[in-house]
Structure formats: structure tokens, C-alpha cells
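Below is one structure, written out as C-alpha cells; the observations come after it.
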Amino acid sequence: MTADTFALAPAVSVPSPRTKRATLIKAARIVVTAAIAASIIYAVVRLWPDVRHTFATLSVWTIIGSFAAALLAIGANVKAWQAVLRELDHDVPTLTAGRIYLVGQLGKYLPGSVWAFVLQMELSLRAGIPRARSFAASLVLVGMSTTAALCLGLFGIPTLVDVGGAAVWGAAALAPIALICAIPPVLSRLVDLFLRILGRAGLGHRLRFKGLSRVIGWSALAWALFGVHFWLLGVGVTGHIGSPSLLDAIGSFGRPARIQLAALIDRGHRELPIRADYIGKNLPTAPNERVRVRLGDGAEEGVWLVRE
């Protein structure tokens, strides 16, 4: 009688797709964190000679006061973010809102303008907030913060008239438009439209005046405090309390440095010397042709070239 003996081969575990995805996400987070740290270090090293020279001309009390104003401004921005989330039916503690907003803002140190939104969406997901709702909250906050900045920027226009430039008069022209867009029904439709352009589901929530008032109030307070921060530094450098004035400092911080225009479709035939900085599609047309765009669901969407 013979007996065949054999050894069982050790089981080989095959990583599941979910495990691979988690590993890739973890690696991506490490890469993004390293890139942010490198960008911050590079910025500090590059600007440190100027910063050191400015620090040498400032008194201790000026540094403390300006730092306190900047810290309070950051806190106001956190409260604005928390107010947006509460308006979208996600009531989170202040510490959680601060972690999402402040860590997300580090993405601004990376090239491109989307990384802050991406980080905020990922951090919001950890707090139980869906990515889509976090992205919508970011859109609302940007709109309310821009409205507050444009309104505060009007304080600096009388002094900046001599300087001129499109940004100065653009702030005066855009402030009333921004206030109209900040009306809850109008803003709700604009956010829905932007989300649909990006191929995402609509907001599914009607914004309310009370909640948006809190957001714009905290945002205005943040801009004003940053203006105080800038004013204290200016006074410390010049040695004169009125140079610059407090209203000029607040207005300068709220006034846009430049204004850019985005167009979904550019058909040409400009009647004004204005060209869009960002264009979705160039569509050459004849003078008697018009482009009609309809955004909706399914068969309702489309682009038509109409001859008049």
C-alpha cells in the first residue's frame, strides 16, 4: 500500500478592487500633502527676505494687533462656512467646520484653482457630508463672499478713482449685480445651473434669506477684519495713522485685483471691445445667426444655430 503525500499550497490573497482604490486614495493624499508642504516652504523661503525687512520696521504691538485681526478674520470665514453648511441642512460643530475649511484652504498653495474644493469635499465626506453637497456649499460661500467683498470694495473707490483701471469701476458696476444674484431664489437657480453644466445633480434645496444673511454677514466681517489687519501693517510701516485710512484699507482688500469674463459659447461679432478670458467653445457665425443653448434634463438639452 502506498500513500501519496502532498502539501497544501498557501492561499494567495488577491486584493479586492476596493482595497486597491483605498490604497490609491491614501497614496494620493500623501502626495498632495507633500506637495502642499513643499509649496508652503518654497513660498516662505522666496518671500522671507522681504518679510524679514518689514518685520524689522514694525513694533511689537503692531505685529500683535495685525496678527489678532487676521486670526479673527480667519475665524469669521470658518463661521461663514459653518453657516453655509447649516443652511444646507448639515449642522456641524465649529471645530469640524474649521478643520474642513482651513485644511481645505491649504489647497490654494497648489497650482490650479480646484484643489481647495477637492480637499474640502474629501474632508466633508469624513464628517458625513456628501461630496456634492460640500461642493454646492463651496459655490454658495464663494458667491456670498464675493458679494460682500464687492460691497466693501465700494469704500475704497473714492480714493482709487485717480488710479483708474477696469477693476475700480468694475467693482462699482458688479456690486449691484452681485446683490441681485445673492437673492435666495436667484442664487438657488444659479447654483442649480452651474451644477448641471458640470454634469452633476441639482441643489435640490431652496436657499433661505435668513441663512444667507448669516453667511454674507460673517463674510463681510472677515473682509473687514482683513482690512484692519492691512491697515495696522500700513500704519506700522508709514508711521502715520491716516496713511492709509481704515476705510481705504478695507475697500482695497475687498476690491478685486482684476476682473475676468467666462463665456459658454463665443459667436463673435462683438459690439463692445470686450473678450472673454475663458471660452467653452468658439462657434463662428454669420451676423444674422444666433446661438441658443438650453440646459435641462435628457432630451431638453441642446444647442441650436438660428438664422434670423
- Query: How much of His269 can a 1.4 Å solvent probe reach, expressed as accessible area in Å² and rounded to 10?
  - Reply: 80
- Averaged per residue, the 1.4 Å probe accessible area of region 78-138, protein heavy atoms only, in Å², is roughly 47
- Task: Pull up the cross-link candidates among the lysines for Lys79, meaning alpha carbon to alpha carbon under 26 Å and not fewer than 8 places away within one chain.
- Result: Lys108, Lys210
- Note on the structure: Counting only protein heavy atoms with a 1.4 Å probe and every protein chain in place, the carbon and sulfur fraction of the accessible surface of region 63-130 in whole percent equals 70
- Query: Given the protein chains as shown and a 1.4 Å probe, how many square angstrom of Glu122 are accessible, to the nearest 10?
  - Reply: 60
- Task: Determine the order of Tyr109, Tyr101 by accessible area, beginning with the largest, at a probe radius of 1.4 Å.
- Result: Tyr109, Tyr101
- Item | Area of Trp231 that stays accessible when all protein chains are in place (1.4 Å probe, Å², to 10) | 50
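The values are calculated or read from the model by the stated rules, or taken from the named source; none is laboratory data. Because the structure is a prediction, the values reported are computed rather than measured. Side chains included, ligands, DNA and RNA excluded: accessible areas come from the protein's heavy atoms. Shrake-Rupley method; radii C 1.70, N 1.55, O 1.52, S 1.80 Å.
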